[in-house]
Amino acid sequence: MNFTPVIPIGGYAGWRFLTRTQADQSASLVATPRIARDMDYFRQNIGQVTSAADLVGDFRLLRVSLTAFGLQDDLPNKAFIQRILDDGVVDPDALSNRLADKRYRDFAQAFGFGSDLPPLSRSPGFADRILDRFEARSFEQAVGEVNGDMRLVLNATRELPEIAASGSRDSTLWLRIMGNTPLRKVFETAFGLPASIGTQDLDRQLGIFQDRAEAVLGDASITQFTQPEQMDELVRLFLARSQINQLPATTTSASIALTLLQSAG
């Protein structure tokens, strides 16, 4: 049995339906045979993994682990993934610390290889922590097959509050978002920015994002997204502008307004 999420309408109204039904729909996904088998296999076998080579050498364990961090596309790149894990995160020159995409660092940190301490893969509760992430990411993938915008929003509502609460400098947080393709897409769309701004100097891009956040949301800081109402406003703006962008060029302003009102309702 395959799982197909139910999203009866697009836009913000569709998002509200998805959030109301997410727990039940996610439970249906986890009950599908392939997902259930993968989760059972991971829970039974991850405790036997003591090195990066062990993890990379087990296709099913590696697939679940990479999916949990949104890195499933790297499944064929075993040498690269083993280097990420073997380096760990303690050394500032570790590969994951030098990559702009911080998903790799989160992945390496979660497993705890590359240090003198025992790997975290054998610690109590480890399997459940990874499988919680695997379930969330798998649900996002399934949603993305039905509606790409909803997948971007699910990702943003999961990742952005964590980034906002991390305690780093605001400019550092903005740069982290600008280097994260799915999050950047949400902000560019919500702020009405063209993707071409990515060709400009980083400092100039940072200023543009901050200026637009101030103008559109009334706050230039990333820390605002620890507040659910600000997160919801970003989601609403993104979905509204995305709908407008998908309308034919001949659509009138009146019909655009009607479409957005129908969606909001």
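Any read-out appearing in this document is the output of simple, stated calculations on the displayed coordinates, not a laboratory observation. Not measured: the values here are computed from a predicted model. So basically every Cβ, Gly included, is an ideal-geometry build from the backbone, and we count neighbours across all protein chains shown.
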Next item on the list: Express the Stokes-Einstein translational diffusion coefficient of the stretch 1-59 in µm² s⁻¹, to the nearest whole number, given a Kirkwood radius over alpha-carbon pairs, 37 °C and a viscosity of 0.692 mPa s.
Entry: 235
Notebook entry, point to check: Convex hull volume of the Cα atoms in the stretch 32-132, per residue, in Å³?
Noted result: 90
Notebook entry, point to check: If you average 1/r over every pair of different alpha-carbon atoms in the stretch 94-139 and take one over that average, what Kirkwood value in Å do you get?
Noted result: 11.7
Checklist line | Among 39-46, 185-192, the order from most to least packed when residues are scored by Cβ within 10 Å on average | finding: 185-192, 39-46
Notebook entry, point to check: With θ set to phi - 60° and the Karplus curve 6.51 cos²θ - 1.76 cosθ + 1.60, what are the ³J(HN,Hα) couplings of the stretch 230-246 in order, to the nearest whole Hz, using x for Gly and Pro?
Noted result: 6, 4, 5, 5, 4, 4, 4, 5, 4, 5, 5, 5, 5, 4, 4, 5, 8
Notebook entry, point to check: Hey, if you put +1 on the Cβ of every Lys and Arg and -1 on every Asp and Glu Cβ in the chain, which of MET150, ALA94, ALA213 ends up farthest toward the positive end of that dipole?
Noted result: MET150
Notebook entry, point to check: Where does the charge balance sit around ARG43 when Lys and Arg score +1, Asp and Glu -1, over other residues with C-beta under 14 Å from its C-beta?
Noted result: -1
Check: Could you give P(r) for the stretch 145-254, binned at 10 Å from zero, as whole percent values over all Cα-Cα pairs?
Finding: 13, 49, 30, 7, 1
Check: Using only the Cα atoms of the chain, what do you get for the radius of gyration and for Dmax, in Å?
Finding: 20.1, 65
Notebook entry, point to check: Rounded if a/c is under 1.5, else prolate if a/b beats b/c, else oblate: with a ≥ b ≥ c from the C-alpha gyration tensor eigenvalues square-rooted, which is the stretch 115-155?
Noted result: prolate
Margin query: Please arrange ASP38, ASP91 by how many other C-beta atoms lie within 10 Å of their C-beta, fewest to most.
Written below: ASP91, ASP38
Next item on the list: Calculate the length of the line joining the C-alpha centroid of the stretch 196-239 to that of the stretch 92-130, in whole Å.
Entry: 30
Next item on the list: Return the calculated 222 nm mean residue ellipticity for the chain, to the nearest 500 deg cm²/dmol, obtained by summing -39500 (n - 2.57) across DSSP H runs with n ≥ 4 and dividing by the residue count.
Entry: -20500 deg cm²/dmol
